[in-house]
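The values are calculated or read from the model by the stated rules, or taken from the named source; none is laboratory data. Model, not experiment: these values are computed from the prediction. Here the Cβ positions follow ideal geometry from the backbone for every residue, glycine too, while neighbour counts run over all protein chains shown. Side chains are part of the model used for accessible areas, which takes the heavy atoms of the whole protein and leaves out ligands, DNA and RNA. Shrake-Rupley method; radii C 1.70, N 1.55, O 1.52, S 1.80 Å.
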Amino acid sequence: MAKPDNRADNVQHLQQNIQHTIQNLHEAEQYLDEHADEMDAQEYTQINEKNQRREASIRSSRAEVKDEARHSK
């Protein structure tokens, strides 16, 4: 039997995911700052593209938090 949809802690989980993604973003930026001159162009580009996806994910998740907060009232 399927579990009932319990959305009570969705905002909390989303916020934890946002914080984790922000941490990963900052760590990657720091890595680039420290090692950019040692990387080949492909690796540098891959890290930058991943960070762009992280930023998009953060924006999307923040919008979802707002939506969840509105619906939980």
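Listing for the model above:
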{"item": "Subset of the range 4-41 (residues that are under 11 Å from the mean Cα position of the chain (by Cα) and either over 16 Å from Glu55 (Cα atoms) or of a type in the set (A, V, I, L, M) (or both))", "result": "Leu14, Ile18, Ile22, Leu25"}
{"item": "Residue in the range 57-65 that is open to solvent by less than 90 Å² (accessible area, probe 1.4 Å) and not in a helix (DSSP H, G or I) present", "result": "no"}
{"item": "Extreme residue, nearest to Gln15 (Cα to Cα), among residues of the range 42-56 that are open to solvent by 80 Å² or more (accessible area, probe 1.4 Å) and either within 20 Å of the chain's Cα centre (by Cα) or at pLDDT below 95 (or both)", "result": "Arg53"}
{"item": "Residue list for the range 18-41, filter: open to solvent by 90 Å² or more (accessible area, probe 1.4 Å) and closer than 24 Å to Ala56 by Cβ", "result": "Gln19, His20, Gln23, His26, Glu27, Gln30, Tyr31, Asp33"}
